[in-house]
Structures are given as structure tokens and as C-alpha cells.
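Below is one structure, written out as C-alpha cells, with a few remarks after it.
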Amino acid sequence: MRTEAFRQCLLQTAALTAARRRRTVEVLRQERKLPDPLAGILALEPACARCHHQPCGRWGKAHGLARYRCSVCGKRFNALSGTPLARLRHRECWGEYAQALIDGATVRGAPLRCA
């Protein structure tokens, strides 16, 4: 798409109502089949959260996530350790919460849409 045409498209989307904006996002998502961002994080074999050694051996499962054990320092961790998502709860609601924020909901209003 040309730069000027893209700018015109952005100007037109700014004039849409919230409901039409949501519908536009739904249509674009269906056509592009956007991947789940968490699936990419969980698919990688992570480095140790303490010493950053890689590769680490698998060490079972806990709370639906694969656990790993570092062969150098012995620390046990999962794929989310050392990330901003590490201690967050209600993993099944993360996608819906992020979408609510993208749609313009407030930080306090977004959890109400996830209930």
C-alpha cells in the first residue's frame, strides 16, 4: 500500500465508531489468522532465568507449563520466568484482556469484559 493511501485509511479509521472499529479488527483478524503471541513464547526452550545458560533440561510440568532445570546452577524455572508475565494469574484471560485494552477499554474496565 502506498504511504499516502495508508495515511488516508488511518484518517478514515479514526472517524469510525467503537463498534465499527471492533468489527474491522475482527475481519482483519479472520483474514490474517493472527497467531497467539503466548504460543510463540511457550514454544521456545528458554534460557536459565538466573545464569542465562542454554540449553536446559526439561524437569516436568507445573500449572500447565513445562518446567526446566539448569544443569549449571540447578535453578528450576518455566518459560515465563524472568518475563513480565511470570507471576500473573488467570492465564486463560490474558488474550481477552489484551484485546479489551486494544479496543480502548480502561485498565480498570478491561477485567470486567473478561469475567
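The values are calculated or read from the model by the stated rules, or taken from the named source; none is laboratory data. Worth saying up front: this structure is predicted, and the values here are computed from it rather than measured. Methodologically, a virtual Cβ is constructed for each residue, glycine included, from the backbone with ideal geometry; neighbour enumeration extends over all protein chains shown.
Results for (1) of a type outside the set (Phe, Trp, Tyr); (2) surrounded by 13 or more Cβ atoms within 10 Å (Cβ to Cβ); (3) in a loop (DSSP other than H, G, I, E, B), shown as yes or no for each residue.
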{"position": "GLU45", "(1), (2), (3)": "yes, no, yes"}
{"position": "ARG50", "(1), (2), (3)": "yes, yes, yes"}
{"position": "HIS53", "(1), (2), (3)": "yes, yes, yes"}
{"position": "GLY60", "(1), (2), (3)": "yes, no, no"}
{"position": "TYR68", "(1), (2), (3)": "no, yes, no"}
{"position": "PHE77", "(1), (2), (3)": "no, yes, no"}
{"position": "SER81", "(1), (2), (3)": "yes, yes, yes"}
{"position": "GLU92", "(1), (2), (3)": "yes, no, no"}
{"position": "GLY95", "(1), (2), (3)": "yes, yes, no"}
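If LEU85 satisfies every condition in (1) at pLDDT 80 or above; (2) part of a loop (DSSP other than H, G, I, E, B) but one, which is the exception?
Of (1) at pLDDT 80 or above; (2) part of a loop (DSSP other than H, G, I, E, B), only one is false for LEU85: (1).
What pairs come up if the first residue lies in region 1-25 and is at pLDDT 80 or above, the second is loosely packed, with under 10 Cβ neighbours inside 10 Å and acidic (Asp, Glu), and their beta carbons are under 7 Å apart, counting only those six or more places apart or on different chains?
Cβ pairs passing all conditions: none.
Being more than 14 Å from the chain's Cα centre (by Cα) and either at pLDDT 80 or above or of a type in the set (D, E, K, R) (or both): is that true of GLU31 here?
Spelling it out, GLU31 is indeed more than 14 Å from the chain's Cα centre (by Cα) and either at pLDDT 80 or above or of a type in the set (D, E, K, R) (or both).
Counting only residues that are at pLDDT below 85 and of a type outside the set (A, V, I, L, M), which one in region 72-82 is farthest from ALA49 (Cα to Cα)?
Ranking the qualifying residues of region 72-82, first place goes to ASN78.
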